[in-house]
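Report on the structure given below.
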2 protein chains.
Amino acid sequence: MGIPTDIEIASAASLRPPVEIAGRLGIPPQFVEPYGRSVAKIDLACLTAPGQPTQQRAKYVVISAVTPTPLGEGKTTTAVGLADGLARIGRNVAVTLRQPSMGPTFGIKGGAAGGGYSQVVPMDKLNLHLTGDFHAITAAHNLLAAIVDNHLHHGNQLQIDPHNITWRRVLDVNDRALRNLVVGLGSKVDGVPRQSGFDITAASEVMVLLSLATSLEDLRERLRRIVIGYSYAGRPITADDLGAAGAMAVILQDALNPNLLQTLEGTPALIHCGPFGNIATGNSSIVADLVATRRADIVLTEAGFGADMGCERFMNVKCRVSGLRPDAAVLVVTIRALKTHSGRFDVKAGKPLPPEMLEENPDDVRAGLPNLIKHIEIVNTFGVSPVVAINAFPSDHASEHQVVIDAAERLGIDVAVTRHVAEGGAGAEALAEALLKALDRPTNFRFTYELDAPLVDKIDAVARKVYGAEGIDVLPAAASALAAYEKLGFGALPVVIAKTHLSVSSDPKLLGAPTGWRLPVREVRAAAGAGYVYAICGEMRTMPGLSSHPNAERIDLTPDGAIIGLS
Amino acid sequence: MGIPTDIEIASAASLRPPVEIAGRLGIPPQFVEPYGRSVAKIDLACLTAPGQPTQQRAKYVVISAVTPTPLGEGKTTTAVGLADGLARIGRNVAVTLRQPSMGPTFGIKGGAAGGGYSQVVPMDKLNLHLTGDFHAITAAHNLLAAIVDNHLHHGNQLQIDPHNITWRRVLDVNDRALRNLVVGLGSKVDGVPRQSGFDITAASEVMVLLSLATSLEDLRERLRRIVIGYSYAGRPITADDLGAAGAMAVILQDALNPNLLQTLEGTPALIHCGPFGNIATGNSSIVADLVATRRADIVLTEAGFGADMGCERFMNVKCRVSGLRPDAAVLVVTIRALKTHSGRFDVKAGKPLPPEMLEENPDDVRAGLPNLIKHIEIVNTFGVSPVVAINAFPSDHASEHQVVIDAAERLGIDVAVTRHVAEGGAGAEALAEALLKALDRPTNFRFTYELDAPLVDKIDAVARKVYGAEGIDVLPAAASALAAYEKLGFGALPVVIAKTHLSVSSDPKLLGAPTGWRLPVREVRAAAGAGYVYAICGEMRTMPGLSSHPNAERIDLTPDGAIIGLS
């Protein structure tokens, strides 16, 4: 529809110096460390230095969405466009986002910096190394792995059971051949043979640990508590037992400082950490939000997948650790997503849209509404005001938007159509006004569960109260792990449910708002360093593969050094 | 004696802004990209932008040494101290060095930023991620590996022989368990099982390729030529065949820009690339030297190990590619090294020095002189003036220094004692004056061999003319590889001899200046992308391990974020 490509728009942007962007948040230059010309790290000393603000002042808003479909709902573009829209109507605003993983950039996905006129720039840096945080996480994670195998090699004084080592290795690459391997082959000097594997760096416990750390000291303490496996006697072996936590903290020291980028319209964007949304929290870092909420009027932060996924972890895990409390939640929805949730269309990733889906048909939209309503209910369970953002596409029809507007108004929910992809912040002004209205409403924040409940009850609470399951079915292996974790002192940790993001239920095929189902808890694992227990309720892939003709084949440099094929 | 520790000295230093350091070389601010407060990358556009210098103006000096001993000869400290000494007597000088590998920092070695009052700072950044170049190399290398295994998985259209894949994976960590492994285990969706392994990142062909690239375009072309293995029919399979070179170039784009740091006395230090000294060139990047030699009066560059190793590759490989020609070579020697080369002492790494080695004994020094003389002869074969730098230790005796001075003077070689570790640049002024004298001597540069000679003759030429071997013994496997490479068109490449650095010969136990020996060529490999063929003439370890109590156990952060244990 006449909009240039994302990379064309991004390349044409003229970026402001990071010190100027930081200045918009009142961050003094001495806390701004440039990394190249258009990116900076914010020194966390700005949280503790004398004379710097120590209290939250911003309204804090989480950006979530309906259940994802293969079409993409535009949560990142909405977060970015809404930030620009709020800036246009005079609010001092910051947006905090996850850093995209580099590996998948060379697989099938395009860039993950927003899109159209709602992008974070520089988009090439964002999609590649940025300031090297992911690489630092890879290095810290793999140093611990090397120390584990080194311990086995040098006599295994801690009596680590080689069959019960849970710490794998990580790389930020899509490489299926690394999922399962045997290490330590060769001769006696080449280590102890055992089965292991690699995950992608975004799935590293160090990634989510960094995102949940509230300070360098807290980072160091969480690293100490990482459990790499168990002794023959069943005792957890920690990074601290192996003397590795200090070195890991040194490797991660700079990575703990959030990265400052900017939107196309010059709004500050803090990009920091990218934990997986399925097995981990799917939220950007706490420290970025601490920096932003002490300085801006409004802080928008995106949580991964739908409200049942990233938003639930935002509330029950991230906010619990940070102490910050949200004032509103934006739920992004598209007409296409609701039509998909009607169950009337066969939508597949990478395949062209069924043409009949583009026809004007408010009934199809209405048939998908239960999914949106379910996500509104989820937000309501936390005592936070939801705002519905209808992310408009050129192929939408006004009558279809009206179905969503009517539904929201019936529920007393603020709602607006937003056209930020085509129009930038100007297209999001109506949504900005709707959000301001929602921010005037009182909140009554509550967690889904209290920490002192047994782990199994916490899982049950999320399943029933958030997902709407009838209950949970704990398989024997999971039950004995839960019992063991309670005994080992992990019982007071919050929980993360690792399930599909493609349904509110644990069955990816159930669209809309499924009822009458039970959550099967197959397996339970502890991320003791990051600080949660996670229940595995479906197939979780932690190392992607490449397609037969991966995007890497199209990514290249022109003779004058311009990047092509990145989006 | 009484010198504070390296990290104490480095931490106490007050660093100048990178833009100011770049200004000393006349590099305008628009080519200086800050990475944090005290490090910058130099944009290679400064080599081609209108109005910028295009010709070498500097005198170009390679810093080499006698055959290394477990004690360390102080080549890096001498390069740094000499640079500061030259600056003190009014010369505009730059020093170019390799970037140390992070992995071994957590093993047994201390920092690699020089020592005492001759250090490159910030030393913590230098010993850790610096600007992420090593991580970028890891990512580019492993993307190609993933694409190779992906190709096997998706039907192997190129008919790659899985038993003849030479491209392994890399990580910047000491991890012996990764040396030999089986990848692709699991189920049908998890790739094709085959044997493989990891090397440390410094051993990556991408590392040496980056160090030899003369421009972004040249980098792209070298990446295309990387050979990852062979088809069943014996055809080389390249990164270009797999469509991977463009994506690798994109990953490496920023890494090609050299890193600007500074000595404790504010002399510009370009730190860039760190290829292994045994299987690769052991020299820092060409682009850093191109930048420096167009702007400084004098450029000092360190080459790894003794003159037989890094210095020979500097001459025959690096200078051949860059077109730069050296004007002098500094040979660093210590009294301890010569005493060790006497063969009269049993010196072991990590063990205390035999006390009798510290006693005044010019005879022991004299007995070790043949090693120094051999290295002087090696430098002379290239038609370049050597300068002998006696790196003084507090335990040395003047009579012992005199033995070396007398020997050098007998040969008509410039010589000086240098005390830069204890005194900084002031301690190296005598050496600076000696170097200036040598730079006034005429040079008559010549390579050891011409490129159009057969590969086997080039190996033979290095063995005889540089090492002083009586000849080479090519084992059958090596002979057939050499024949195959000539047929495949690799015959015109220069050669690198992968042998021990602990002797001028291929036997690490032969100290001094061994004669009457022959070089056994066991195996030959092509680094077709980097652009050389290497002959393996000994045990080469390309992935170190950790000791039973690695340095990682002592590295930590203090509560206020200071790093301890790094050196």
### Message
I'd like the residue in region B:25-38 that is facing chain A (nearest Cβ under 9 Å) and not in a loop (DSSP other than H, G, I, E, B) and, out of all such residues, is nearest to B:Leu126 (Cα to Cα).
### Response
B:Tyr35
### Counted residues, region B:61-83 - those being outside any helix (DSSP H, G or I) and closer than 20 Å to B:Thr340 by Cα
11
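Out of A:Ala87, A:Ala12, A:Ala83, report the one residue that is free of Cβ contacts under 8 Å to residues at least 12 places away in the same chain and more than 14 Å from every other protein chain (Cβ to nearest Cβ). First the steps, then the outcome.
Details: A:Ala87 fails: free of Cβ contacts under 8 Å to residues at least 12 places away in the same chain; A:Ala83 fails: free of Cβ contacts under 8 Å to residues at least 12 places away in the same chain.
Going through A:Ala87, A:Ala12, A:Ala83 in turn, the sole match is A:Ala12.
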### Query
Looking at B:Val421, B:Val365, B:Val347, B:Val379, which one is out of contact with any Gly (no Cβ under 8 Å at 6 or more places or on another chain), touching a residue at least 24 places away in the same chain (Cβ under 8 Å), under 25 Å from B:Val61 (Cβ atoms) and among the hydrophobic types (A, V, I, L, M, F, W, C)?
B:Val379
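Would you check if B:Gly72 is within 18 Å of the chain's Cα centre (by Cα) and of a type outside the set (Lys, Arg)? Reasoning before the result, please.
Working: within 18 Å of the chain's Cα centre (by Cα): yes; of a type outside the set (Lys, Arg): yes.
Yes, satisfied.
Take the residues of region B:516-567 that are more than 26 Å from B:Ala112 (Cα to Cα) and basic (Lys, Arg): which is surrounded by the most Cβ atoms within 10 Å (Cβ to Cβ)?
First, the residues of region B:516-567 that are more than 26 Å from B:Ala112 (Cα to Cα): B:516-529, B:531-537.
Add one more test, that the residue is basic (Lys, Arg), and what stays is B:518, B:522, B:525.
On the way: B:Arg518: 14, B:Arg522: 17, B:Arg525: 19.
Top of the filtered list is B:Arg525.
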### Close pairs (7 angstrom Cβ cut-off, 6 or more residues apart or separate chains): farther than 19 Å from A:Ala432 by Cβ in region A:316-340, modelled with pLDDT under 95 and in a helix (DSSP H, G or I) anywhere
A:Arg336/A:Met357; A:Lys339/A:Met357
### Query
of a type outside the set (Lys, Arg) and closer than 29 Å to B:Ser11 by Cα - does that describe any residue in region B:146-163?
no
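Among the residues of region A:129-144, what is the count of those that are assigned to a loop (DSSP other than H, G, I, E, B) and at the interface with chain B (Cβ under 7 Å from one of its Cβ atoms)? Show your work before the answer.
Restricting attention to region A:129-144, the residues satisfying the condition of being assigned to a loop (DSSP other than H, G, I, E, B) are A:129-132.
Still in the running and at the interface with chain B (Cβ under 7 Å from one of its Cβ atoms): A:129, A:132.
Residues meeting the conditions: 2.
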### Task
Within region B:39-80, count every residue that is in contact with a His (Cβ under 8 Å, 6 or more places away or on another chain) and either under 17 Å from B:Gly310 (Cα atoms) or within 14 Å of chain A (Cβ to nearest Cβ) (or both).
8
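Residue by residue, here is whether (1) under 20 Å from A:Ile21 (Cβ atoms); (2) away from chain B (no Cβ under 12 Å); (3) at pLDDT 95 or above; (4) touching a Pro at 6+ places or on another chain (Cβ under 6 Å) holds:
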{"residue": "A:Thr238", "(1), (2), (3), (4)": "no, yes, yes, no"}
{"residue": "A:Ala245", "(1), (2), (3), (4)": "no, no, yes, no"}
{"residue": "A:Ala255", "(1), (2), (3), (4)": "no, no, yes, no"}
{"residue": "A:Asn259", "(1), (2), (3), (4)": "yes, yes, yes, no"}
{"residue": "A:Thr293", "(1), (2), (3), (4)": "yes, yes, yes, no"}
{"residue": "A:Ala307", "(1), (2), (3), (4)": "no, yes, yes, no"}
### Task
Residue by residue through region A:394-417, note down the ones that are modelled with pLDDT under 95 and out of contact with any helix residue (DSSP H, G or I) (no Cβ under 6 Å at 6 or more places or on another chain).
A:Pro394
## Note on the structure
Going through region A:455-493 in order, the residues found to be free of Cβ contacts under 8 Å to residues at least 12 places away in the same chain and under 26 Å from the mean Cα position of the chain (by Cα) are A:Asp457, A:Arg464
### Task
With the checklist (1) under 30 Å from A:Met357 (Cα atoms); (2) within 14 Å of chain B (Cβ to nearest Cβ); (3) free of Cβ contacts under 8 Å to residues at least 12 places away in the same chain in hand, flag the one item A:Gly107 doesn't pass.
(3)
### Query
Name the pairs whose Cβ atoms lie under 9 Å apart, with the first residue in region A:198-226 and over 20 Å from B:Ile563 (Cα atoms), the second part of a helix (DSSP H, G or I) and among the hydroxyl-bearing types (Ser, Thr, Tyr), and 6 or more positions between them or separate chains?
A:Thr201/A:Thr138; A:Ser204/A:Thr138; A:Met207/A:Thr201; A:Leu212/A:Ser322
#### Entry: From A:Leu158, A:Leu152, residue being in contact (Cβ under 8 Å) with a residue 60 or more places away in the chain, more than 7 Å from chain B (Cβ to nearest Cβ) and not in a strand (DSSP E or B)
A:Leu158
### Message
Within region B:39-49, does at least one residue satisfy the condition of being in contact with a Lys or Arg (Cβ under 8 Å, 6 or more places away or on another chain), surrounded by 18 or more Cβ atoms within 10 Å (Cβ to Cβ) and outside any strand (DSSP E or B)?
### Response
yes
### Query
Within region B:275-297, restricting attention to residues that are within 20 Å of B:Ala255 (Cβ to Cβ) and polar (S, T, N, Q), which residue is surrounded by the fewest Cβ atoms within 10 Å (Cβ to Cβ)?
B:Ser284
### Query
In the list A:Ser506, A:Ser548, which residue meets the criterion of being hydroxyl-bearing (Ser, Thr, Tyr), assigned to a loop (DSSP other than H, G, I, E, B) and free of Cβ contacts under 8 Å to residues at least 24 places away in the same chain?
A:Ser548
#### Entry: Residues of region A:512-559 satisfying the condition of being more than 22 Å from B:His154 (Cα to Cα) and facing chain B (nearest Cβ under 9 Å)
A:Asp556, A:Leu557, A:Pro559
### Query
Name the residues in region B:386-407 that are over 12 Å from B:Leu338 (Cα atoms) and surrounded by 24 or more Cβ atoms within 10 Å (Cβ to Cβ), would you?
B:Pro386, B:Val387, B:Val388, B:Ala389
### Message
What's the total number of residues in region B:458-474 that are farther than 20 Å from B:Pro370 by Cβ and charged (D, E, K, R)?
### Response
3
### Task
Return the total of residues in region A:192-218 being surrounded by fewer than 24 Cβ atoms within 10 Å (Cβ to Cβ), within 14 Å of chain B (Cβ to nearest Cβ), under 19 Å from the mean Cα position of the chain (by Cα) and closer than 19 Å to B:Leu557 by Cα.
0
### Residues located in region A:173-191, provided they are within 7 Å of chain B (Cβ to nearest Cβ) and in a loop (DSSP other than H, G, I, E, B)
A:Val173, A:Asn174, A:Asp175, A:Arg179, A:Asn180, A:Gly184, A:Leu185, A:Gly186, A:Gly191
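The values are calculated or read from the model by the stated rules, or taken from the named source; none is laboratory data. What you see is a predicted model; the values in this text were computed from it and never measured. Here the Cβ is made from the backbone with ideal geometry for all residues, glycine too, and neighbour counts use every protein chain on show.
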